[in-house]
Amino acid sequence: MNHLIELELKLRIGQANNALHEIRLALANKDRLFRTQVRHADNYVKKTRAWSKVNSFDTALQLKVAVYRACRIALQNLGADNETL
């Protein structure tokens with residue numbers, strides 16, 4: 001049974017690391033979108049479209065955050081130490 005717990009811990013750590021990487025990428029994309037499109041939009045229509053794109057990126061980001069939170073809860077339930085968390 002301990003072997004299965006260790007295996008699940010390793011898998012969850014990998015999943016959490018992947019989720020963190022995806023969160024970082026999503027934040028970078030959201031920042032790039034804001035800097036290149038929202039700031040430089042020169043009329044109402046362009047600014048509205050740009051904000052719509054930012055909001056869609058934000059929705060995707062929230063899904064990635066939810067995956068990370070689920071991984072973290074699973075790691076806590078599996079008894080991961082504070083250094084791992």
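Which residues, taken from the range 58-85, are hydroxyl-bearing (Ser, Thr, Tyr) and at pLDDT 95 or above?
Taking the range 58-85 as the starting set, the residues that turn out to be hydroxyl-bearing (Ser, Thr, Tyr) are 59, 68, 84.
Correct list: TYR68 only.
When the residues of the range 64-85 are narrowed to those that are surrounded by fewer than 13 Cβ atoms within 10 Å (Cβ to Cβ) and of a type in the set (A, V, I, L, M), which ends up farthest from HIS3 (Cα to Cα)?
Checking each candidate, the answer is ALA66.
Of all residues in the range 37-47, how many are loosely packed, with under 11 Cβ neighbours inside 10 Å and either part of a helix (DSSP H, G or I) or touching a Cys at 6+ places or on another chain (Cβ under 7 Å) (or both)?
Adding up the residues that qualify gives 2.
Would you confirm, using the coordinates I've provided, whether ARG32 is among the basic types (Lys, Arg), surrounded by 11 or more Cβ atoms within 10 Å (Cβ to Cβ) and under 27 Å from LEU85 (Cβ atoms)? Talk me through it step by step, then tell me what you get.
Values: among the basic types (Lys, Arg): yes; surrounded by 11 or more Cβ atoms within 10 Å (Cβ to Cβ): yes; under 27 Å from LEU85 (Cβ atoms): no.
So ARG32 fails the test.
Pairs only if they're at least six apart or on different chains, beta carbon under 7 angstrom, first in the range 8-27 and of a type outside the set (A, V, I, L, M, F, W, C) and modelled with pLDDT of 95 or more, second part of a helix (DSSP H, G or I) and surrounded by 14 or more Cβ atoms within 10 Å (Cβ to Cβ); list them, first residue then second.
Qualifying pairs under 7 Å: ARG12/CYS71; ARG12/ALA74; ARG12/LEU75; GLN15/CYS71; GLU22/LYS64.
Return the total of residues in the range 60-79 being in a helix (DSSP H, G or I) and more than 18 Å from ASN18 (Cα to Cα). Talk me through it step by step, then tell me what you get.
Within the range 60-79, the first condition is being in a helix (DSSP H, G or I), and the residues that meet it are 60-77.
Now drop any that are not more than 18 Å from ASN18 (Cα to Cα), which leaves 77.
Total meeting the criteria: 1.
The values are calculated or read from the model by the stated rules, or taken from the named source; none is laboratory data. In this text, all values refer to a predicted model and were calculated from it rather than measured experimentally. When we count neighbours, we look across all protein chains shown, and the Cβ atoms used for this are built from the backbone with ideal geometry, even at glycine.
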